[in-house]
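Heads up: the structure comes next, in structure tokens.
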Amino acid sequence: MAFKLNHIHLKSPDPRKTVQWYVDYMGATVLSERETANGSLYFRISLNGVEANVTDLVQDQVLERQFYGLEHVAMDTDSYDADVAAVKASGARVLEERTSPGQRRVCFFEGPEGVQVELLEMS
């Protein structure tokens, strides 16, 4: 059986603000925006080829537990120094900067709703 990633889902109490942060600081593009029958906003964005849904909690979802966020999103960058500087200037909390075992510089920081974002220097 073959699997292919369809999307990641980011849940946020303010989907529009979250989407704008990913557009401004991670180079995301908005693929679609719609409003559901109950007035909730639903966005589909592309994080440089990885599609993500960004919504509030889904009112008609019957999962045992819903929560805001995702553990982390990892993104390669070919302009590591400039991108890390922009993230720091945005006020995002830097969680860790280190060099990976493969000698790539890595910066973890906190994005909206506590989602950790990892920037990895492209080798």
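The values are calculated or read from the model by the stated rules, or taken from the named source; none is laboratory data. Fair warning: this is a prediction, and the values are worked out from it, not measured in the lab. A quick note on method: Cβ atoms are made from the backbone with ideal geometry, for glycine too, and the neighbour counts reach across all protein chains shown. To get the accessible areas, we keep the full protein, side chains included, count just its heavy atoms, and leave off ligands, DNA and RNA. Shrake-Rupley method; radii C 1.70, N 1.55, O 1.52, S 1.80 Å.
Under the condition of being touching a helix residue (DSSP H, G or I) at 6+ places or on another chain (Cβ under 7 Å) and either closer than 17 Å to ALA74 by Cα or open to solvent by 40 Å² or more (accessible area, probe 1.4 Å) (or both), which residue from the stretch 30-44 is modelled with the highest pLDDT?
Filtering the stretch 30-44 for residues touching a helix residue (DSSP H, G or I) at 6+ places or on another chain (Cβ under 7 Å) gives 30, 41, 43.
When the remaining residues are screened for being either closer than 17 Å to ALA74 by Cα or open to solvent by 40 Å² or more (accessible area, probe 1.4 Å) (or both), the result is 30, 41.
On the way: VAL30: 98, LEU41: 90.
So the residue we want is VAL30.
For the stretch 17-39, which positions are under 15 Å from VAL58 (Cα atoms) and either of a type in the set (D, E, K, R) or in contact with a Cys (Cβ under 7 Å, 6 or more places away or on another chain) (or both)?
Selection gives ARG34, GLU35.
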